[in-house]
Amino acid sequence: MADLLALPWLLPAPPDFRARVRALRSAHGAGEAVRTADLVALAGHGLDLSQLGSLGKIVDSRRQSLCAEGRLRPVLLGIAATHTLDLVAEALPATGLRHGVLVDTVQTDYGQLAQAVLDPSSALAAARPDFVLLALDAAALGLARPQFEAAAAEAAVQSALDYVASLRDGVRANIGAGVILHTLATPAEALFGSYDARVPGSVRWLIARFNQRLCAEVVQDSDLLLDMAAMAEMVGLARWHDPLRWHDAKMPCALDAVPLYADHVCRLLAAARGLSRKCLVLDLDNTLWGGIIGDDGVEGIKLGQGSARGEAHLAVQSFALDLRRRGIILAVCSKNEEAAALIPFREHDEMVLKEDHISVFIANWTDKATNLKAIAQALNIGTDALVFLDDNPAERERVRQELPEVAVPEVGDEPSDYVRLLSLAGYFEAVAFNDEDRKRADMYQANAQRASALQKVGNLDEYLASLEMECTIAPFDDLGRARIAQLVNKSNQFNLTTRRYTEADIAAIQADPKKFTMQVRLVDRFGDNGMISVVIFDRGDEVWHCDTWLMSCRVLGRRVEEAVLAHVAAAAKAAGASRLTGEYIPTPKNVLVEKHFEKLGFACTGERSGGGTLWELDLAAYTSPDLPMQIEAKTGAGALADSPTPQALVD
Amino acid sequence: MERSAITAQLTEIMIDVFDLDELEYRDDLSAADIEEWDSLSNIRFMVAVEKEFGFRLSNSEIESLKNVGEMVDLIERKLA
């Protein structure tokens, strides 16, 4: 496996990199369009610091038009550091392309961290960053020298934690941005040797204590954590820390490690924006087992204990299963006869992965790009949510050409490397882990069964009735807030306005009596879909206006949106309003809901300034339809007055 | 290694590091001649030289350099 710092899961930089950058630059100079796709294709390679810088300059010069193109999610990152992160900042715009984010940065002046964060009129606050990276090193936190009194050691850690927490609170209060906190990298040098681990107050002890308490006591749900300690250990501490660069420029890590550092920051930003990958698509022959099932037969393939090869493939399966347990969907895409491809799943004793774990199983002789599209479609997710693991370089290349948005790790031909490369690539970076995640793979599983039920039933009404759906509609509450924020930030397709709100915003909306909020859950006979829709209306005297309406595509075509409309219409009527209004704000991803209001019976009242359409529904003329589901409307404390009573709309 | 080969390699490195379209090598080239050559890109430059030629530059060596010609001298000495 190639050097870790060269990001070996990516293809190496192309030999004509410089020429391609020049072509992009002169296209820009000549006033020709620089397309997001061209930049993203270049950024998808393992670039070094200078290459990231060159590409980043093009991003900077084209920022507005890239933003207008709408394929990347813009993020302004504030960097407040006690050391030099300029080179990381330089690497971020190009690195972000790899993760679907258009990163811009604003840095605090050297030595001005606390002022920038604690003064609401600082330049950092004025820039209104989306996130602020609070980068404090051990020296700045008073943890770089030993404290041999046990009490002093604990006090030093406590005061470092207090300082970090106060800066975090300052960013939230004065800047209103999300905060990225980080653990500290252990130094490479010891004072006592191995005994450092046993001396309260040795630098290693201080940093270990700080890191452990930071994660347990300081980092909150709405913060992001960059685990610098883990990153440095993965690289190797003696390699991560470069004393010369620390002394001459206050660089926190070796220059070679900057592309990796930047990649980790971008993963986190992308994950916070809901852009992490959702599904791992697995090849079979020589990926999940050694050999070719069609040729070698179930006794001939290499899998399981007893051979290095067999154990390596077993490790790939175990890792895939662990990913599934944390909410990543698994699919299979193999060139095989389906009957042959299924034999190991059914007959080989050492298979860790079972048929049940695979949400979509495609084994045929069609090209893999076509099959990957079918998999995404069956799961109702974008192809940009897929990671495709295949040992065959020709298949990888084909998929990269046809579907550049699919992540295809460059895994080489040694299966022992697969788990490491797949993990280090960070495709599935998470910023939360909750019950919904734990159940997600099962929910998608149930979805695949639903699709086959549809084929059998044939008639949509009968099918929907056969699902035995129970829909629960409730106003926002504390319990649902994290999931509400998650949906608000990652729903792209069924989303009328694509307005993003932080958890704090959601809390404010929940408390605002001028807002009418809905969180919608759906259970059916195949399982609990969890929260699948979030809606916010602004309640006026005459008119209630739709600020946000989004829904998970998992439950598309179930008439849930009609149930939602019936609910809000009843509430608005009861409150004396006469009309509901709404707007459709187009993005590259939400064309699905272009006719949403029209389908619900709204009349178009014109074009929206800035693009899109405006809609209105006369409540006097509206009657709620009969729907093939049981509906339970819950009322919250603030909504008691004018929420409709629970009503069963099933016939 | 021939001095001309070193200057050719160094020119390539500088084009990459300072993100230039082209560069005509002169012994007396220095930070004053290249707009993108600042303290940060200077660090990138030193690290790129270390990687290319396979040795480490000390802080005092870096600080003693006045122009690119002296860098070539230093590389010649280190490779000798």
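In the condition set (1) within 14 Å of another protein chain (Cβ to nearest Cβ); (2) within 27 Å of A:Thr84 (Cβ to Cβ); (3) part of a loop (DSSP other than H, G, I, E, B), B:Ile15 is compliant with all but (3).
Counting only helices (runs of 4 or more DSSP H) that sit completely within the stretch A:204-316, those holding 1 or more residues that are open to solvent by less than 40 Å² (accessible area, probe 1.4 Å) and in contact with a strand residue (DSSP E or B) (Cβ under 9 Å, 6 or more places away or on another chain) correspond to A:228-235, A:258-272, A:293-300. A residue that is touching a Phe, Trp or Tyr at 6+ places or on another chain (Cβ under 8 Å), in contact (Cβ under 8 Å) with a residue 40 or more places away in the chain, of a type outside the set (S, T, N, Q) and within 14 Å of chain B (Cβ to nearest Cβ) can be found somewhere in the stretch A:241-253. Just one residue in the set B:Glu76, B:Glu70, B:Glu63, B:Glu50 is in a helix (DSSP H, G or I), at the interface with chain A (Cβ under 9 Å from one of its Cβ atoms) and either out of contact with any strand residue (DSSP E or B) (no Cβ under 6 Å at 6 or more places or on another chain) or not charged (D, E, K, R) (or both); that residue is B:Glu63.
When only residues in the stretch A:385-436 that are in contact with a Lys or Arg (Cβ under 8 Å, 6 or more places away or on another chain), outside any loop (DSSP other than H, G, I, E, B) and over 19 Å from A:Trp289 (Cα atoms) count, which is most open to solvent (accessible area, probe 1.4 Å)? It comes out as A:Arg398.
Yes/no per residue for (1) within 17 Å of the chain's Cα centre (by Cα); (2) of a type outside the set (Asp, Glu); (3) at pLDDT 95 or above:
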| site | (1), (2), (3) |
| --- | --- |
| A:Asp248 | no, no, no |
| A:Ala254 | no, yes, yes |
| A:Val258 | no, yes, yes |
| A:His264 | yes, yes, yes |
| A:Leu268 | yes, yes, yes |
| A:Val281 | no, yes, yes |
| A:Leu284 | no, yes, yes |
| A:Thr287 | no, yes, yes |
| A:Ile292 | no, yes, no |
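Every condition in (1) modelled with pLDDT of 90 or more; (2) closer than 23 Å to A:Met251 by Cα; (3) surrounded by fewer than 17 Cβ atoms within 10 Å (Cβ to Cβ) is met by B:Asp73 except one, and the failing one is (2).
Residues in the stretch A:59-68: is at least one among the charged types (D, E, K, R), open to solvent by 50 Å² or more (accessible area, probe 1.4 Å), out of contact with any His (no Cβ under 9 Å at 6 or more places or on another chain) and closer than 20 Å to A:Ala254 by Cα? No, there is no match, as no residue in the stretch A:59-68 is among the charged types (D, E, K, R), open to solvent by 50 Å² or more (accessible area, probe 1.4 Å), out of contact with any His (no Cβ under 9 Å at 6 or more places or on another chain) and closer than 20 Å to A:Ala254 by Cα. Does B:Leu23 qualify as being at the interface with chain A (Cβ under 9 Å from one of its Cβ atoms) and more than 10 Å from the chain's Cα centre (by Cα)? In short, no.
Residue-level check: of (1) within 14 Å of another protein chain (Cβ to nearest Cβ); (2) among the hydroxyl-bearing types (Ser, Thr, Tyr); (3) exposed (fewer than 13 other Cβ atoms within 10 Å of the Cβ), B:Ser4 misses just (1).
Among the residues of the stretch A:68-88, the one identified as without any contact (Cβ under 8 Å) to a residue 24 or more places away in the chain and farther than 30 Å from A:Gly382 by Cα is A:Asp86. Here A:Asn590 meets the list (1) closer than 26 Å to A:Glu468 by Cα; (2) open to solvent by less than 50 Å² (accessible area, probe 1.4 Å); (3) in contact (Cβ under 8 Å) with a residue 40 or more places away in the chain almost entirely, failing just condition (1).
Restricting the search to the stretch A:458-502, which residues are acidic (Asp, Glu) and modelled with pLDDT under 90? Result: A:Asp461, A:Glu462, A:Glu468, A:Asp478. If you filter the stretch A:333-376 down to residues that are of a type in the set (Val, Ile, Thr) and assigned to a loop (DSSP other than H, G, I, E, B), you find that the one that is modelled with the lowest pLDDT is A:Thr366.
Matching residues to (1) away from chain B (no Cβ under 14 Å); (2) within 22 Å of the chain's Cα centre (by Cα):
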residue: A:Leu10; (1), (2): yes, yes
residue: A:Leu52; (1), (2): no, no
residue: A:Gly56; (1), (2): no, no
residue: A:Asp60; (1), (2): no, no
residue: A:Leu66; (1), (2): yes, yes
residue: A:Leu77; (1), (2): yes, yes
residue: A:Ala89; (1), (2): no, yes
residue: A:Val103; (1), (2): yes, yes
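The values are calculated or read from the model by the stated rules, or taken from the named source; none is laboratory data. Please read all numbers here as calculations on a predicted model, not as lab measurements. We place every Cβ from the backbone using ideal geometry, glycine too, and count neighbours over all the protein chains shown. Accessible surface is based on the protein model in full, side chains and every heavy atom, while ligands, DNA and RNA are left aside. Shrake-Rupley method; radii C 1.70, N 1.55, O 1.52, S 1.80 Å.
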